[in-house]
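What follows is a short report on a single structure.
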Amino acid sequence: MTGETGQRINMMEAPGRAANLSYVEDSPVSPSMSIDKLFPALLECFGIILCGYIAGRANIITSTQAKGLGNFVSKFALPALLFKNMVLLDFGNVIWPFLWSILVAKVSVFFIVCVLTLIVASPESRYSKAGLYSIFATQSNDFALGYPIVMALYQSTYPEYLQYIYLVAPVSLMLLNPIGFALCEIQKWKNQGDNQQRKLLVVGLVVLQVLKNPIVFMVVIGIIAHFVLHQTIPPFMAEFVDGLANSFGGAALFYLGLSMVGQLGKLTRSSVVTLILLITAKLLLMPLICKEMVDVLDNSNTSTLNHSSLSNYAFLYGVFPTAPSVAIYAVYYNAELEVVTAGMVISTFLSAPIMYVSAWLLTMRWMDPQLLMNSLQNVSFNISIVSLVALVWTITVMFLSKKFKRLPHVFTINLFLAQFLTCFGMILWNFVVKDDNFVGQVLTFTLLCTSLYSTYVWPGLIALSLVLMKRFEDVKVSRGIFFIAGWGVPALVTALLLISGERLSGTIDSAFFYGKEQIICTTVVIAFSILLGGSSLICLSRVSWAHNDQIQEGNSTENLVSEEEPENQSLFEPITPSGDLNGECLTCDFAPPQPMPDMIISTNMNNTPTTLTGQCESRCESADCLLVEVEERQQVEDIQVARHVLLCLLLTVSLLANLSSCLWLLLNPVPGRLYLELLFFCAVANYGQGLLSFALFGMDKHLIILPFKKRLHSLFYGKKQEEQPQTNLPEEIRMTCTQFTKYHKDQCFHDIVKKRRCGKKTMVDSFLGCELVEWLQQVGLAQDLGEAVHYGTRLQQGGVLQHIGQEHDFQDGRHFYRFMT
């Protein structure tokens, strides 16, 4: 048990009494694992993964060859390894309650992910997503990555722990994966529509899919051979089985590296939220539930040390990353491949530091409790200073961008203010707690506790405001009620704690200044915010896909333009054929068009021009282009839903960590060393919120990024060079622009270009960036949104199109662009 957690427990048992920590110093903990071989094992595993990634990235091994290696690993090497270990397994040494605990934990996580996905996902793909996401959260990379790490940690202390790898994985494959396969088959069945004819095939396909899995098949054969062969592999086949089994480790890790190539590049903005939730379920929820299930169900163990060791082993097992085979399932069902593969990569590299830090804490023989408390205080103090600076910048940007008066930014400003006060309170606490000043400590604690509780409450309120604004567009959200809830509830809870609680002496931890009562209050506030924020985000997701269904059913693209921009209807005029211009003015004086490079113009000499090259007889009388004014108004009115959702989601994940910390301390009489890892993470999450706010809202694109890029470009190249036409274009850009101008420009002009007013008497043929992105995907010039944006960027770099005000790069948004002559 760590010194700090020991102090906390002693304080709860005897409030006001100084903690007696002498037993921590006099009785060093005997480690139940060896960390000496952990770092070499991690280096070996991730080194081989890196080699595979380099081989795939450099195209030394092609994707077809990688599939062959994957087939060898999954259909030959792994089944041989399982058969060998099933035959030699000693069931007499198995602690069955531990096995049931891990199984219950996996089932719990599986159904939590499954139910939430069924509630949140759109009807078109909810069943396949539920099946694949649930498998993702529960199927670990036990054999290729988990086994070497467990062997490095427990080979010299608890070698019998190695056999649990071979027991847990097949059981979950045979029990949980069939449920996920059934959900995927149901989705295929619903999409095909022949419900009456294919109902009976669903069960048969699921059973066939399970039996076709070589892991399940070989586990069954191995268990049968275990009893038939009396735990002995016949000599004539022992060398053959060993040869295949020994080839698994390096080949599987190398194939894992190959499968990572190019996966993160496939992520889209909409899949990031899903990925965050899946990583949270895999690397936070799974290890915590595994540990708690062992603590609850493993009551038959008479040895306290062995029970604690099993509990810690369950936590480490839960951290194992997702198996690459989940990507194979995604390919088979043609669903959510980008999310699964990117999640596999991220979880693999995030699990390594978590496992190493956990093992390091568990193997330390002695910890100075005073040093631990000071370290925690220093971490909180240092992160608060950095976060405070970031929040000052972020709040300033919010005011300068003029968004602070609009919803939901007015609530976001309150969250930033609460985060600012929390950091300021922690900085004051670092100095006040060292002085014997009771009044100063109580006042500082009041400020710190109230503002920290406010940062817990505001994410849920912001998510609720997004739902109300999305669901009831005509209803104005009552700001007063939100302000009372965001500041009044934390102040009330803090007042009750000050009145009814009993201050503990001898502690410098602000999270435990009032003992067990403070932990209970924190648990209640966090649980309330998680329920409010989680339910609001679920409702927001359901409202979003329901709104999309209505749009797809009842509205065309033209209707969408008029609905989303009712104030811009006066800017539109009916489009005329590109060859019949009737002498109308089509150029904007605010941003005169720049000529295309000669090499691209030459390919379009015989084509019909889409814009006039002459100057406009009627100049724009307005000081600014009307279209640019529309863009600026849209920027101010943008409520940034995606950023707010991401902010609420990430803060809700940090609240889950804080809730786990509180429950861990309340439910465990001896929290254990792993609690320290969670404790430091919560300190960083609580006092480092400002860094997250800065990342999402501190770098305003229109106020900071674009002016900075424009200024930087003018400093490096100068205005004269900036105005010169590009002559030395890369071959890829030149070919793209040549192809587009020669074969696709006229059709694109006819499909998406509209005449819009840029002045009182002047008009310009223009289109929205999002319209071109959609058109490129429709005609097959781009396979997805990312490729479409990249294609449009090349057209802009080649001078085929430009922004109406020459201020923005090409992007998938409601910015106006036009084709050049």
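Before moving on, here are some points about what is shown:
- Single residue of THR762, THR793 found to be under 19 Å from ARG818 (Cβ atoms), among the polar types (S, T, N, Q) and either touching a strand residue (DSSP E or B) at 6+ places or on another chain (Cβ under 9 Å) or at pLDDT below 85 (or both): THR762
- Test for THR450: is it assigned by TED's automatic domain parsing to the domain that holds GLY501, under 33 Å from the mean Cα position of the chain (by Cα) and not aromatic (Phe, Trp, Tyr): yes
- Residues of the stretch 47-65 that are modelled with pLDDT of 85 or more, touching a Gly at 6+ places or on another chain (Cβ under 9 Å) and assigned to a helix (DSSP H, G or I): ILE48, ILE49, LEU50, CYS51, GLY52, TYR53, ILE54, ALA55, GLY56.
- Only one of the listed residues (VAL345, VAL379) is assigned to a helix (DSSP H, G or I) and modelled with pLDDT of 85 or more. That residue is VAL379.
- Residues within the stretch 393-408 that are among the hydrophobic types (A, V, I, L, M, F, W, C) and under 26 Å from the mean Cα position of the chain (by Cα), tallied: 5
- Helices (runs of 4 or more DSSP H) completely within the stretch 126-213 that count 1 or more residues being modelled with pLDDT of 80 or more: 126-138, 147-154, 163-175, 177-192
- Failed item, numbered, when GLY92 is tested on (1) closer than 30 Å to ASP242 by Cβ; (2) assigned to a helix (DSSP H, G or I); (3) modelled with pLDDT of 85 or more: (3)
- Filtering the stretch 359-374 to residues that are within 26 Å of VAL319 (Cα to Cα), over 29 Å from the mean Cα position of the chain (by Cα) and assigned to a helix (DSSP H, G or I) leaves THR363, LEU372.
- Restricting attention to the stretch 308-336, the residues that are touching a residue at least 12 places away in the same chain (Cβ under 8 Å) and either part of a helix (DSSP H, G or I) or at positive phi (or both) add up to 20.
- Taken over the stretch 388-424, the residue count meeting the criterion of being without any contact (Cβ under 8 Å) to a residue 60 or more places away in the chain and charged (D, E, K, R) is 1.
- Condition check for PHE411: part of a helix (DSSP H, G or I) and within 28 Å of the chain's Cα centre (by Cα): yes
- Residue within the stretch 119-138 that is over 29 Å from CYS539 (Cβ atoms) and either in contact (Cβ under 8 Å) with a residue 12 or more places away in the chain or not assigned by TED's automatic domain parsing to the domain that holds LEU285 (or both) present: no
The values are calculated or read from the model by the stated rules, or taken from the named source; none is laboratory data. This is a predicted model, so every value here is computed, not measured. So basically every Cβ, Gly included, is an ideal-geometry build from the backbone, and we count neighbours across all protein chains shown.
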